[in-house]
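The values are calculated or read from the model by the stated rules, or taken from the named source; none is laboratory data. This one's a predicted model, so the numbers in the text were calculated from it and none came from an experiment. As a convention, Cβ positions derive from the backbone with ideal geometry for all residues, glycine included, and neighbour counts pool all protein chains shown. The area values use the complete protein model at the heavy-atom level, side chains included, leaving out ligands, DNA and RNA. Shrake-Rupley method; radii C 1.70, N 1.55, O 1.52, S 1.80 Å.
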Amino acid sequence: MKHNRGARATARPRVSMAAIDIVVASRLWTEQRSVKALLRRAIREAASATSTLMGEIAIVLTDDSAIRALNRHWRGKDAATNVLSFPAGEPRSTRGIPRLLGDIVIAYETTEREARAEHKPFMDHLIHLAVHGFLHLAGYDHAAHDQAAAMERLEAAILARLGVSDPYLARGAA
């Protein structure tokens, strides 16, 4: 295969995050090997796909009880959920100081239950939730149908680059 050194038309811009902090707040996550490396790779791919500038995020790996409390407090919904995103809402970074993008919180039991119900690997579902959460931090939403469709297309494209099947394909075929 020939390489044209002058042109890189198909290469995506490299976007690096200043920091991706991962906090394991529940022992349920300890059996998942390579979870931190996998999450960092997913976030970097999502940042690259969205051209999100350097920033810092935290991913908290927790359980249903903790995420339920967060969901109740911040969204008024007294139920566990799979992922919550908390955008920092800070302005662009100042010179030399990376922008704080926000936090992503993922619940183990709900993630595991959904993966089992959808007959997909746990890690594939986790990657999907991390990408979904990151897109919320980057300003994407799915409140309206057109926003949801655009966000789902972007998620599917990012997931494809990560070797994860389109999670919306089965739903569309039903």
The stretch 68-79 residues that are free of Cβ contacts under 8 Å to residues at least 40 places away in the same chain, paired with ones that are of a type in the set (Ser, Thr, Tyr) and open to solvent by 100 Å² or more (accessible area, probe 1.4 Å) (beta carbon under 8 Å, 6 or more apart): none
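So that you can scan it fast, the table gives a plain yes or no per residue for (1) in contact with a Phe, Trp or Tyr (Cβ under 8 Å, 6 or more places away or on another chain); (2) open to solvent by less than 40 Å² (accessible area, probe 1.4 Å):
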| position | (1), (2) |
| --- | --- |
| Ile59 | no, yes |
| Arg72 | no, no |
| Asn82 | no, yes |
| Arg99 | no, no |
| Glu118 | no, no |
| Leu129 | no, yes |
| Leu154 | yes, yes |
| Leu162 | no, yes |
| Asp166 | no, no |
Selection over the stretch 27-54 where residues are over 19 Å from Glu109 (Cβ atoms) and of a type in the set (Lys, Arg) yields a count of 4
